[in-house]
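Colleague: Have a look at this one before I ask anything.
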Amino acid sequence: MVNLFALIAATMILVMIPGPNVALIVANSLRYGLRMGSITVLGTTFGVGLQLVAVVLGMAVIIELIAEALTWIRWVGVAYLIWLGIRIWNEPADDLSKIGAAPAMFWRGCLVAATNPKTLLFNAAFLPQFVGSGDSAVGQLALVASVFLTVLLAGDMLWALFAGSARRLLVRHSKIRNRFTGAFLVAAGIGLALSRR
């Protein structure tokens with residue numbers, strides 16, 4: 001039997017611990033506002049969802065192979081996030097009404113989430129703990145993955161809301177906002193770089 005309350009509680013605790021996904025969500029929310037932060041959340045959730053599909057399908061060997069391949073892709077993501085963070089850090093103060101492209105925010109979030117081998121293997125080890133044995137184990141795992149992803153989406157939206165609210169405080173200080181955004185993007189890159197299996 002699936003212990004949904006334990007799963008929800010454990011997932012809520014995990015969401016409170018900032019990692020590369022949260023750093024990217026906060027950075028985009030600070031720079032572009034809640035709407036773009038929310039689109040980033042949808043991208044990171046989609047990326048984690050791709051990982052969960054692999055977990056639910058029981059592809060343990062393939063997960064191991066994917067994690068190896070994702071290591072190379074991850075380094076491209078690390079370089080991109082750090083470059084973007086440094087670029088934004090050094091930008092002059094700009095108009096806060098300037099909005100980034102929504103598809104770019106979505107795919108940037110998806111890239112960071114989907115290429116993190118640490119979360120892939122963590123989810124493969126974490127989620128089955130909430131599934132009992134029996135014929136319905138795959139169905140239970142799918143339910144566990146759905147609940148996990150829903151709680152993750154809600155928690156990450158709260159991060160975006162928090163950062164979007166903080167953005168309003170920085171309306172007159174866009175140079176400081178650039179520094180915060182750049183720092184969070186570099187932190188997301190470093191977090192992704194430190195994600196090991």
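Colleague: Any residue in the range 169-181 that is at pLDDT 85 or above and more than 12 Å from the chain's Cα centre (by Cα)?
Modeller: Within the range 169-181 (the criterion being at pLDDT 85 or above and more than 12 Å from the chain's Cα centre (by Cα)), the answer is no, since none of the residues qualifies.
Colleague: Let me ask you something else. Filter the range 1-18 for residues that are among the β-branched types (Val, Ile, Thr) and part of a loop (DSSP other than H, G, I, E, B) and give the result.
Modeller: VAL2, ILE17
Colleague: While we're on this one: Filter the helices (runs of 4 or more DSSP H) completely within the range 19-134 down to those with at least 1 residues that are at pLDDT below 75 and out of contact with any helix residue (DSSP H, G or I) (no Cβ under 7 Å at 6 or more places or on another chain).
Modeller: Passing ranges, in order: 60-90, 117-126.
The values are calculated or read from the model by the stated rules, or taken from the named source; none is laboratory data. Because the structure is predicted, anything quoted here is derived from the model rather than measured. When we count neighbours, we look across all protein chains shown, and the Cβ atoms used for this are built from the backbone with ideal geometry, even at glycine.
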